[in-house]
Amino acid sequence: MNVAVIGAGSWGTALALVLAEAGHDVMLWARTPEVAEAINADHRNPRYLSDYRLPACIRATSNYAEAVEGAEAVVIVTPSAALRSVAADLRALIARDTPIVICSKGVEEETGLLPIDTFADELGNPDRFAVLSGPTHAEEVICRKPSAAVVASAHEETALFFRDLFATRAFRTYTSDDPVGVELCAAFKNVIAIAVGVSYGMGFGDNTAALLITRGLAEMSRMVVACGGQALTCMGLGGAGDMVVTCMSQHSRNRRFGEQYVARGLTLADFTAQTHMVVEGAIACKTLATLEERYQVELPLTDTVRSVVWEQVPPREAAAALIDRPLKAEFY
């Protein structure tokens, strides 16, 4: 099958390899012609995961029309902040019945829409959309370490289609009928990973990390249910699974941002300049505020991360405010 992957960052590159090993021909869209040319000439991404050679069935382009021409499925792996503009650019190029899976994570700040809804809003025919998420660091997926992800769609046939599209012996895929829950979990886990990173950077230990992860899961589940998702989703691959790996792995850019940058007084601009990577949790802690206000759901950890990253509240001051919060029931 011909598959277009829109986004040649770490995750897009790793998913392109998964699709190639599942037997598909992949056209990988890169933002710059230089990256596309390097992939075609050297079979390596010069900016991300450059140690790994890509098979010849992966070709690259920086032209949207060329990327999706003849595509029987489209995989979106662009930063969440760019989703609306990417969808608008692709609107006239993708047939109305072409299946599309969203692998980006976040919430649109102005509307509160999740990525799948943003794309459906621009391209129509929501039944052909799915989301893919789970505890899957690109650095391990690309070297074929056993991993698993969940494919969620409100339309069962679409979920099954993408489950089978991605499945390999090293990359197991499971289906869900809760795209709302899976996408909210994907946004939240990055925020909590920043908090865990900051806590380690401040000298706290594993007890504190476990506290933040479990309270983060409680915070996540409150919002998932408020938005119409299923609480059980928070215990699955897209919830607890992704939360644990993103908070605890040294591959996690969100944890690294918290531990090596925020806790040391460095900024998001510093991280971006040095790594050329997007910290999705830094964006999500802002955009989740739209849903927090709409549904009147209490998100103390999200609020705290936002205050530290965007409002320059010192991490120790923010931590003290959390510790001094009134005690409550574990689940409320």
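The values are calculated or read from the model by the stated rules, or taken from the named source; none is laboratory data. Bear in mind that the values here come from a model prediction, so they are computed numbers and not experimental data. No Cβ is skipped: glycine too gets one built from the backbone with ideal geometry, and neighbour counts run over all protein chains shown. The area values use the complete protein model at the heavy-atom level, side chains included, leaving out ligands, DNA and RNA. Shrake-Rupley method; radii C 1.70, N 1.55, O 1.52, S 1.80 Å.
Show me the helices (runs of 4 or more DSSP H) entirely contained within region 217-310 in which 3 or more residues are small (G, A, S).
Details: elements: 242-248, 253-256, 268-275, 280-295, 300-310.
Of the helices (runs of 4 or more DSSP H) lying wholly inside region 217-310, those with at least 3 residues that are small (G, A, S) span 280-295.
Can you name the number of the only condition in (1) open to solvent by 20 Å² or more (accessible area, probe 1.4 Å); (2) touching a strand residue (DSSP E or B) at 6+ places or on another chain (Cβ under 8 Å); (3) within 24 Å of A81 (Cα to Cα) that I102 fails?
With (1) open to solvent by 20 Å² or more (accessible area, probe 1.4 Å); (2) touching a strand residue (DSSP E or B) at 6+ places or on another chain (Cβ under 8 Å); (3) within 24 Å of A81 (Cα to Cα) applied to I102, the lone miss is (1).
Give region 112-163 a look and list any residue that's crowded, with 18+ Cβ neighbours inside 10 Å and among the small types (G, A, S), or say none.
Within region 112-163, G112, A120, A130, S133, G134, A138, S147, A149, A152, S153, A159 qualify.
Out of the residues in region 255-280 that are among the hydrophobic types (A, V, I, L, M, F, W, C) and touching a Lys or Arg at 6+ places or on another chain (Cβ under 7 Å), state the one that is surrounded by the fewest Cβ atoms within 10 Å (Cβ to Cβ). Reasoning before the result, please.
Our first condition is that a residue be among the hydrophobic types (A, V, I, L, M, F, W, C); within region 255-280, this holds for 257, 262-263, 266, 268-269, 271, 273, 277-279.
Okay, now just the ones that are also touching a Lys or Arg at 6+ places or on another chain (Cβ under 7 Å), so 277, 279.
On the way: M277: 17, V279: 24.
In this case the residue turns out to be M277.
Report yes if L237 is modelled with pLDDT of 95 or more, under 26 Å from Y332 (Cα atoms) and open to solvent by 20 Å² or more (accessible area, probe 1.4 Å), otherwise no. First the steps, then the outcome.
Numbers: modelled with pLDDT of 95 or more: yes; under 26 Å from Y332 (Cα atoms): yes; open to solvent by 20 Å² or more (accessible area, probe 1.4 Å): yes.
Considered against the rule, which asks whether it is modelled with pLDDT of 95 or more, under 26 Å from Y332 (Cα atoms) and open to solvent by 20 Å² or more (accessible area, probe 1.4 Å), L237 comes out as yes.
Which condition number in (1) in contact (Cβ under 8 Å) with a residue 60 or more places away in the chain; (2) closer than 30 Å to D51 by Cβ; (3) assigned to a helix (DSSP H, G or I); (4) open to solvent by 30 Å² or more (accessible area, probe 1.4 Å) is the one that Y174 fails?
It fails just one condition, (3).
Considering (1) over 27 Å from G228 (Cα atoms); (2) surrounded by fewer than 21 Cβ atoms within 10 Å (Cβ to Cβ); (3) modelled with pLDDT of 95 or more; (4) not aromatic (F, W, Y), say which one P300 fails and leave the rest.
(1)
Kindly establish whether N2 is over 28 Å from V150 (Cβ atoms) and surrounded by fewer than 17 Cβ atoms within 10 Å (Cβ to Cβ). Step through it out loud before you land on a result.
Working: over 28 Å from V150 (Cβ atoms): no; surrounded by fewer than 17 Cβ atoms within 10 Å (Cβ to Cβ): yes.
No: the conditions fail for N2.
Restricting to region 311-332, and then to whatever is of a type outside the set (V, I, T) and outside any loop (DSSP other than H, G, I, E, B), can you tell me which residue is least open to solvent (accessible area, probe 1.4 Å)?
Residue satisfying both the conditions and the ranking: A318.
Does region 19-54 hold any residues that are in contact (Cβ under 8 Å) with a residue 40 or more places away in the chain and either part of a loop (DSSP other than H, G, I, E, B) or open to solvent by 30 Å² or more (accessible area, probe 1.4 Å) (or both), and which are they? Write out each step before concluding.
Kept after step one, since they are in contact (Cβ under 8 Å) with a residue 40 or more places away in the chain, are these residues of region 19-54: 19, 21-22, 24, 27, 47-49, 52, 54.
Of everything in region 19-54, those that are in contact (Cβ under 8 Å) with a residue 40 or more places away in the chain and either part of a loop (DSSP other than H, G, I, E, B) or open to solvent by 30 Å² or more (accessible area, probe 1.4 Å) (or both) turn out to be E21, A22, H24, R47, Y48, L49, Y52, L54.
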